[in-house]
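Coordinate-derived values only; no laboratory data. Computed from a predicted structure; not experimentally measured. Heads up, the Cβs are rebuilt from the backbone with ideal geometry, glycines too, and the neighbour counts pull from every protein chain shown.
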Amino acid sequence: MKPASAPGARRVQELLGPDYAVVEFETSTRTSAEAATVIGCDVAQIAKSLVFRTVSGRPVLIVASGVNRVDEKKVSLLLGEKIERADADFVREMTGFPIGGVAPLGHSTTLEILLDEDLKALDPIWAAAGTPNAVFRLSADALATITGGRFLDIAKR
């Protein structure tokens, strides 16, 4: 583990400021399982960032607990529009980050941000920080504050 050095991770660190520490690992933290193993936490504590596209083309970022699957039907009802998983090019264009490294803040465009309400029961949580091997630690309350996102029941049950 080392301090942020990759450009994307440094950008996230600058946005977060000194209250947070973006760290990079030698191995991948791209998936929730990989991140939990490297960090030494439960998979549920990984706040995975998933980018979706509405049928009209709006980008939506859903930050979900690492153990949850997003219920696309629920989210579509909440948004009033059907959603689908975005491809890698759309993710990079909308967020400025690669899949597996999408931070919950600092995006290239404005995204609607939805937060998995299950994250509120976990402390701490860990989020991606701009690269597929960088993360930072925070609380669910802090996640809501830094993203402006809203907590909703978005998990498939």
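Out of the residues in the stretch 6-29 meeting the condition of being closer than 20 Å to ILE99 by Cα and hydroxyl-bearing (Ser, Thr, Tyr), tell me which one is surrounded by the most Cβ atoms within 10 Å (Cβ to Cβ).
THR29
Could you please let me know if ALA35 is closer than 21 Å to THR110 by Cβ and surrounded by 15 or more Cβ atoms within 10 Å (Cβ to Cβ)?
no
Is it the case, given these coordinates, that GLY66 is buried (at least 21 other Cβ atoms within 10 Å of the Cβ), closer than 26 Å to ALA121 by Cα and touching a residue at least 12 places away in the same chain (Cβ under 8 Å)? Step through it out loud before you land on a result.
Values: buried (at least 21 other Cβ atoms within 10 Å of the Cβ): yes; closer than 26 Å to ALA121 by Cα: yes; touching a residue at least 12 places away in the same chain (Cβ under 8 Å): yes.
Criteria met by GLY66.
Checking the structure you have, find out if any residue of the stretch 5-15 is among the aliphatic types (A, V, I, L, M) and under 18 Å from ILE113 (Cα atoms).
Looking through the stretch 5-15, at least one residue is among the aliphatic types (A, V, I, L, M) and under 18 Å from ILE113 (Cα atoms).
Given the options GLY130, GLY96, name the one that is more than 19 Å from ALA33 (Cβ to Cβ) and either without any contact (Cβ under 8 Å) to a residue 12 or more places away in the chain or surrounded by fewer than 19 Cβ atoms within 10 Å (Cβ to Cβ) (or both).
Result: GLY96 is the single residue among GLY130, GLY96 that is more than 19 Å from ALA33 (Cβ to Cβ) and either without any contact (Cβ under 8 Å) to a residue 12 or more places away in the chain or surrounded by fewer than 19 Cβ atoms within 10 Å (Cβ to Cβ) (or both).
Could you list, in sequence order, the residues of the stretch 113-157 that are within 13 Å of VAL22 (Cα to Cα) and assigned to a loop (DSSP other than H, G, I, E, B)?
Hits for the stretch 113-157 are ALA129, GLY130, THR131, PRO132, ASN133.
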